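One structure below.
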Amino acid sequence: MAGSGKGRGRAAFTFNIEAIGFAKGETLPEAVFKPTPLFPPTGFKPVPLKMGEDEDYMLALKQEFRGSMKKMPYFIANKDENQAIEKYSKKYLQMRKESMEWIPDWRRLPREMKPRKKTKKAVEKTKKAKVDTTKSNVDVLKKIEELEKKGDGEEKSDEEKEKEKDKEGEEEAANEQEEYDEEEHEEENDYIASYFEDGDDFGAGSDDNMDEATY
Amino acid sequence: MTQAEIKLCSLLLQEHFGEIVEKIGSHLIKTGNQPLRMIANDTEMSLDQVKKALCVLIQHNLVTYQLQKRGIVEYEALCSRVLRILRYPRYIYTAKTLYSDMGELIVEELLLNGKMTMSAVVQKVADRLTETMEDGKTMDYAEVSNTFVRLADTHFIQRCPQAPETSENSAAPPPPAPTLEANEKDMYMVPNLNLIGKGKRRRSFGDEDNGEHKPKRQKQDADSKEPPPDDGIYWQVNIDRFHQHFRDQAIVSAVANRMDQTSSEIVRTMLRMSEITTSSNAPYTQPLSSNEIFRSLPAGYNIVKQILDQYLTLLADDPLEFVGKSGDSGGGMYIVNLHKALASLATATLESIVQERFGSRCARIFRLLLRKKHLEQKQVEDFAMIPAKEAKDMLYKMLSENFVSLQEIPKTPDHAPSRTFYLYTVNTLSSARMLLHRCYKSVANLIERRQYETKESKRLLEKSQRVEAILASMQATGAEEVQLQEIEEMITAPERQQLESLKRNVNKIDASENQVDETIFVLESYIDSTVKKA
């Protein structure tokens, strides 16, 4: 049949190798067994960039555009990144940014896009950082807590309020956290109440405010 | 969507819209049409976040929705539209050259916001212009409206598809998604608005102590007023028209490089006359008679009719075939071959890339193959007058990089290799596609590198920003030279050097991105012109 080659066992190509330009018997270039390198050396240096007024102006436009986009309400930054290093100024910057909230034209969007009114109201209420939340049990717990705290000073209730401000928009997390904080503080109270059984001043002072039974 | 395109889209979305929008945008690009719940499920993000991100993307014309059967709305991301974000500076600059600062700001506001009503645009632009003017002067709304109308008349901005009017007494419940209709006739019609007013200057620092309450009050005032008269009529930038303009610019400058200034002016006139009559993807413009061209030449040019005829004949006979003669009536009917022009531009780009990458000898072989279409190994060596070994080496280099391909022509039906012709050839379309893919990869690499450089010096950048803020506030409250000097010295000399070199690098990378985008434009226009539109 075709192409038995010059001798048995010797490697031969199936076609006339002169067709692609190698002379007979000439050494062929080595076969490469690795993938191409990641940064292959280029034979020639790249041509320098175009310079000129137009290019400079477009460069400035590009950088300005990028900067403006970051300030627009359309830029939704990842919440986790923002809180890496808490800055004092962040509180004020965020309030200003929220005043620029963008509301899309709902007539042009599918109905499912609109956030349902129930969640919208809840979000607004937690933002106000006032004590009236939609959940009534949290109300009661808070009131109890505030009454208890009057003896300990007003610092703790301020802390609570600041913590509420920080947790805007995460209503459920906020409620959970508040309950957890209350538990912490309650435990402290229990500890104090149960450990020091004597001490007339102490017992007299707490008896007036506590609604819970002494252990 | 190729991997390179997807990567580039996600980088662009992240830079301009943030991580959350980027995740959802990339997911939609990768997976195609999806309804809301599936997106939330697959990306494992809360429904709220997905809704917000989709609203932003729809606002910027990057995602569209469609109502499918059974009331399900599916969202589709437009990958090619996301890639246009690279070209925004070019659009804004073009608007500036054509319509000066007002046009520039109008286009910039529209690009920043996606879509806006005319009254909102006019107000914002007037405010911005007033900021830059001297104290006491303000920008009148009327001037800005005029520029807006001119932009609409030349089709650079267009109306968005209209949402249907909802009547209060409709018996049926409203559909889950409004079907937006694009009315061809009204697309460039400017509503009749009586915009009276002047731009407002932002108040200085002293007044802004009560500023936090004032914006809220102002917002409530705006809400309580009636909706603006052009409520519901949104405008967006007409990207295709800008592309048409860039294409015309490229053709005119190509003719100017090849021949002379006068012929380029003639071609420019011809293209200007066919702006409105020819659709953007027509293979050639409408035939124009030599008399018409003569009448429409710009006023400054005083060439005699015979000279014009000679120029036209020269242009028509040129082997590049930018201009063709389609008839003899009216002194000769001439057309501009748009598709052929785009093909020549793409080919010239390819040639220049081969030259810069492999050397001028390879470029000679490449041009030879373009001219002769198919050549055997031996013929290449003979025609190019290059020694056999080198020619072989160069051909194989180009073959391995896919600039050149092999065509087999069998002599016998059994395709025996010893009895087959192997011809080298250049397929411009596939080479163009390959290069376009490479361009996308390069831009993605450039953006990554730029982000890396910025991240490395993030601390230093923040420090310098703080120092600048302190300096600015101190200057505003009036501080002595000595104090200002002290604060400037907070940044040491080597840090200053580092900042300088960072700035230089970032500028260089940004400029490179802009220029790669120019190549992307040429290649994309060529490839689009070869795709047959149904």
Which numbered condition B:Arg438 fails, given (1) open to solvent by less than 80 Å² (accessible area, probe 1.4 Å); (2) on the phi > 0 side of the Ramachandran plot = (2)
Taking the residues in the stretch B:123-157 that are within 25 Å of the chain's Cα centre (by Cα) and not in a helix (DSSP H, G or I) as candidates, determine which candidate is farthest from A:Ile103 (Cα to Cα).
-> B:Thr154
Counting only residues that are touching a helix residue (DSSP H, G or I) at 6+ places or on another chain (Cβ under 8 Å) and not in a helix (DSSP H, G or I), which one in the stretch B:257-277 is modelled with the lowest pLDDT?
-> B:Glu275
In the stretch B:105-124, what count of residues is obtained for those that are within 23 Å of B:Lys137 (Cβ to Cβ) and touching a residue at least 60 places away in the same chain (Cβ under 8 Å)?
-> 5
Of those in the stretch B:10-34 that are within 14 Å of chain A (Cβ to nearest Cβ) and open to solvent by 30 Å² or more (accessible area, probe 1.4 Å), the residue nearest to B:Ile85 (Cα to Cα) is B:Gln14
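Each row is one residue, and each column tells you yes or no for (1) free of Cβ contacts under 8 Å to residues at least 24 places away in the same chain; (2) of a type in the set (Val, Ile, Thr).
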| position | (1), (2) |
| --- | --- |
| B:Leu435 | no, no |
| B:Ile447 | no, yes |
| B:Thr454 | no, yes |
| B:Ile470 | yes, yes |
| B:Ser473 | yes, no |
| B:Glu481 | yes, no |
| B:Ile487 | yes, yes |
Checking B:Leu180 against (1) modelled with pLDDT under 70; (2) within 14 Å of chain A (Cβ to nearest Cβ), the condition it does not meet = (1)
Mind listing just one residue for me: the one in the stretch B:412-431 that is over 24 Å from B:Phe383 (Cα atoms) and not in a helix (DSSP H, G or I) and, of those, nearest to the other protein chains (Cβ to nearest Cβ)?
-> B:Ala416
Which numbered condition trips up B:Gln515, out of (1) within 14 Å of chain A (Cβ to nearest Cβ); (2) open to solvent by 50 Å² or more (accessible area, probe 1.4 Å); (3) closer than 30 Å to B:Ser279 by Cβ?
-> (2)
Does B:Thr43 meet the test of being more than 11 Å from chain A (Cβ to nearest Cβ) and among the hydroxyl-bearing types (Ser, Thr, Tyr)?
-> yes
Report the residue count in the stretch B:489-511 for those that are in contact (Cβ under 8 Å) with a residue 12 or more places away in the chain and away from chain A (no Cβ under 14 Å).
-> 5
Under the condition of being of a type in the set (Val, Ile, Thr) and surrounded by 15 or more Cβ atoms within 10 Å (Cβ to Cβ), which residue from the stretch B:368-424 is farthest from B:Ala343 (Cα to Cα)?
-> B:Thr420
Can you pull out the residues in the stretch B:485-502 that are surrounded by 13 or more Cβ atoms within 10 Å (Cβ to Cβ) and either within 25 Å of the chain's Cα centre (by Cα) or of a type in the set (A, V, I, L, M) (or both)?
-> B:Ile487, B:Met490, B:Ile491, B:Leu499, B:Leu502
Complete set of residues in the stretch B:59-74 that are facing chain A (nearest Cβ under 7 Å), open to solvent by 10 Å² or more (accessible area, probe 1.4 Å) and under 13 Å from B:Leu36 (Cα atoms) | B:Tyr65
Top-ranked residue in the stretch B:80-102 [being free of Cβ contacts under 8 Å to residues at least 12 places away in the same chain and touching a helix residue (DSSP H, G or I) at 6+ places or on another chain (Cβ under 6 Å); ranked as farthest from the other protein chains (Cβ to nearest Cβ)] = B:Lys96
Which numbered condition B:Leu423 misses (of (1) out of contact with any Gly (no Cβ under 8 Å at 6 or more places or on another chain); (2) free of Cβ contacts under 8 Å to residues at least 12 places away in the same chain) = (2)
Taking B:Ser280 and the conditions (1) of a type outside the set (Asp, Glu); (2) surrounded by 19 or more Cβ atoms within 10 Å (Cβ to Cβ); (3) touching a His at 6+ places or on another chain (Cβ under 9 Å), which numbered condition does it fall short on, given that it satisfies the others?
-> (2)
Within the stretch B:239-272, track down each residue that is in contact (Cβ under 8 Å) with a residue 60 or more places away in the chain, surrounded by 18 or more Cβ atoms within 10 Å (Cβ to Cβ) and over 14 Å from the mean Cα position of the chain (by Cα).
-> B:Ile251, B:Ala254, B:Val255, B:Val267, B:Met270, B:Leu271
Give the residues of the stretch A:46-72 that are under 11 Å from B:Leu112 (Cβ atoms), more than 7 Å from chain B (Cβ to nearest Cβ) and not in a helix (DSSP H, G or I), sorted by residue number.
-> none
Determine, yes or no, whether B:Lys52 is within 11 Å of another protein chain (Cβ to nearest Cβ) and within 19 Å of B:Lys115 (Cα to Cα).
-> yes
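The values are calculated or read from the model by the stated rules, or taken from the named source; none is laboratory data. This is a predicted model, so every value here is computed, not measured. Please note: Cβ atoms are built from the backbone with ideal geometry, for glycine as well, and neighbour counts cover all protein chains shown. Please note that ligands, DNA and RNA were not included when accessible areas were found on the heavy atoms of the full protein model with its side chains. Shrake-Rupley method; radii C 1.70, N 1.55, O 1.52, S 1.80 Å.
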